[in-house]
Amino acid sequence: MEKGGQRLNLKREVGILGAVSFIAGTMMGSGIFISPQYVLATIGSPGASMIIWACSGLVAMLGGLCYAELGTVIPESGGEYIYMLRTVGKGVAFMFVFSFIMVMRPASATGIALSCAEYVVAVFYDGCAPPQVLVKCVAAVSIIVLAIVNCLSVRLATAIQVGSMVVKVLALAVIVLGGVVMLFQGNAQNFDGSFEGTNVGVNSIGVAFYQCLWSYDGWNTLNYLTEELKHPEVSLVQK
């Protein structure tokens, strides 16, 4: 915002490590740990599931490259809102940001928080389903805590993001390495007839893509805080 020749600027406190963690940490959320079973159940076969995951990864990569270019051309925070504001005008930008704040982002945050709460609460309810009231309360508390942390300090939020990214990478590494070890031990029976039982309906393919793209979601996160990046022309390109 500009007034009287002065401009309010955000502090540039997010470096390359923080930038990478915001992208990787957001993409490696609860979705990657939950979606694979639903993708496989929806599409019906391991082979088709792998193709859906590969295609979704390509879409996410192309989107990330486009946003890296947009972030260097329009080095302002705000993501899609600022890009619409600078290209198609205030009306479209306002309608987008209104729906984003009122519907899209709350729904997305709620889904992620509920998924996380399910995992946290499940530890204390071995063999039975946890009470939904408790799951919702844990999800609400997690959202409030994270909101407070982000309001208090960018550095603290970045440190938490980096720490969570490390934990997620280690968890995925254990899962992947475990799968590789099982393959070398000859446990490849699930790949026999990889495409048998594939559901080729439009509905099945669409739902499978939705689940995969939900897991890949987050590649545009860094563009919401472009003005807080140290050397954004470097951080955005290297993300």
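The values are calculated or read from the model by the stated rules, or taken from the named source; none is laboratory data. All figures in this text were calculated on a predicted structure; none of them were measured in a lab. Heads up, the Cβs are rebuilt from the backbone with ideal geometry, glycines too, and the neighbour counts pull from every protein chain shown.
Taking the range 1-42 on its own, how many of its residues are surrounded by fewer than 20 Cβ atoms within 10 Å (Cβ to Cβ), at pLDDT below 70 and part of a helix (DSSP H, G or I)?
Total satisfying the criteria: 2.
Hey, among the residues in the range 184-207 that are modelled with pLDDT of 85 or more and in a helix (DSSP H, G or I), which one's farthest from Ser35 (Cα to Cα)?
Once the filter is applied, the top-ranked residue is Phe184.
Part of a helix (DSSP H, G or I), modelled with pLDDT of 85 or more and surrounded by 12 or more Cβ atoms within 10 Å (Cβ to Cβ): does that describe Tyr210?
So Tyr210 fits the description; yes.
Of the residues that make up the range 108-116, is at least one of a type outside the set (Ser, Thr, Tyr) and at pLDDT 85 or above?
Checked against the condition, which is being of a type outside the set (Ser, Thr, Tyr) and at pLDDT 85 or above, the range 108-116 yields at least one hit.
Please determine whether any residue of the range 55-72 is over 15 Å from the mean Cα position of the chain (by Cα), at positive phi and modelled with pLDDT under 90.
No, that holds for no residue.
Take the residues in the range 70-115 that are part of a helix (DSSP H, G or I) and of a type in the set (S, T, N, Q); name whichever of them is farthest from Leu225 (Cα to Cα).
Per the criteria, the residue is Ser115.
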